[in-house]
Structure formats: structure tokens, C-alpha cells
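Contents: one structure, followed by commentary.
Please treat every number below as a calculation from the coordinates, not as lab data. As the structure is a computational prediction, the values presented were derived from the model and not from experiment. With ideal geometry, Cβ positions are generated from the backbone for all residues, glycine too; neighbour counts draw on all protein chains shown.
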Amino acid sequence: MANRDNPFVEITPEVLLKAYACGIFPMAESADDPTLYWVEPEQRGIFPLYGFHVPVRLARTVRSDRFTIDIDRDFDAVIDGCAAPAVGRSRTWINGRIRSLYRRLHEAGHCHSVEAYDGARLVGGLYGVSLGRVFFGESMFHIARDASKVALVHLVARLRAGGYDLLDTQFVTDHLKTFGAIEVPQLRYHKLLESALIGEADFHALPRIVSGVEALARLRKA
């Protein structure tokens, strides 16, 4: 379900957080369209944090520390990467209003990026919104094979260490299914969301940079 907003009415970070707490999120038709759509999928994508699956080959890549994974080092560059055209995606839903809103949420401590570096070069990452004990994944990108996947593994390890209860993926793709993502009906999602909004999680429970071995060990803990 989607509702179109008035592009001349300001959406504040506070309004955006209230929307997330109600189970809706904004998207744009394209980077050039100032209008935002409020979206509430009938089937919501989530990752059960204690059912996250790391394929064997990817686990080897994570363990090798081929990429250095950092958080919140260059949030704007992650947004740029997520907005850039990619194979199979010539258009983006990240417009100027989206950039501004999530930058302000980041400055307020409610939006975080997880970044994969090859040396000093950013080669992949993801960003999302943190509220209560929920992390709402927004978008991810990569320009090096497996970079965004490794960032996702580190994100889940961080969320588990920080006491999060729900990782929202909005939609489920075949790619996300390989990691254990599932769809739940809207009513079930709202019950999970209501419970996970109670209390506070800590995105910074782990150091900014942890090894792949440590990240995988976090995923093995009950």
C-alpha cells in the first residue's frame, strides 16, 4: 500500500520516526521526483536475528578480513553508493528529500551506515534507521564482490550484540532469502514491531571495527 505526499509539505525527522513506529516508510519514484510515497507492504520482509544464515563461501570471506568493516565513517558516501546506477538498476528511489531526511536522522543518532573498505576505498555498505530495538534496513550497494554481504553479516552481529529484536528489510528478494529473510503478514509484523519498540538497543555495543572472526562468533552465540 502506498500514499503520495505533497512535495511542498516538510517531513521532519520526528515525523519520519513516528512513521517508522507505525510501520510505514517513504520512497520516491525517482531521483528527480520530489514527491515521496508512504509505503506499507502487505507482506513485510524481516530477518529473524537468531535465524540469520551465512553461506559457507561467504563465511570464508568474512573470516579472511578481506574488507575492513567500519560504521558511520562516511554516511554520505554510502547514500551516494546506494543511489548510484547499478547492474539491473538504472534508476534510484533516493531523491534529494530522502538524502536530506536520512542525513538529519544520522546526525540525530537514529540512522547508521555499515561500510566495507578495501584499503582506503569504500567498496560497499548499507544504511538504516535505528529505533527502540528495531533496525530498519533501507538500502545497500557494492562495487566489489561480496562487500555488501560482508557488511550485512557485520550488521547482524552488531544488532545481536546490542540487544536488537527485529531487523526489518521492507521487502524480500531471492538474494535476501539466501540469508534467511522471510515475509510476514502486516498484522504479524505490527505485533513484532510493537514489542521491539519497547526498550532501547545499543548500536555501539561493539567497537567500531571488529574482525570477521568476532562477527561470526557473535552469530553463533545463543
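The table for this structure:
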item	result
Any chance G51 is touching a helix residue (DSSP H, G or I) at 6+ places or on another chain (Cβ under 7 Å) and in a loop (DSSP other than H, G, I, E, B)	no
Checklist (1) farther than 27 Å from R103 by Cα; (2) touching a Leu at 6+ places or on another chain (Cβ under 6 Å) applied to V134, failing item	(1)
Long-range neighbours under 8 Å by Cβ, at least six apart or interchain, first residue in contact (Cβ under 8 Å) with a residue 60 or more places away in the chain within the range 92-104, second among the aliphatic types (A, V, I, L, M) and assigned to a helix (DSSP H, G or I)	T92/A83; I94/I79; I94/A83; L101/L16
Elements of type strands (runs of 3 or more DSSP E) contained in the range 101-157, each with 3 or more residues being within 9 Å of the chain's Cα centre (by Cα) and either β-branched (V, I, T) or over 14 Å from F75 (Cβ atoms) (or both)	134-142
Condition met for F141 (surrounded by fewer than 23 Cβ atoms within 10 Å (Cβ to Cβ) and of a type in the set (F, W, Y))	no
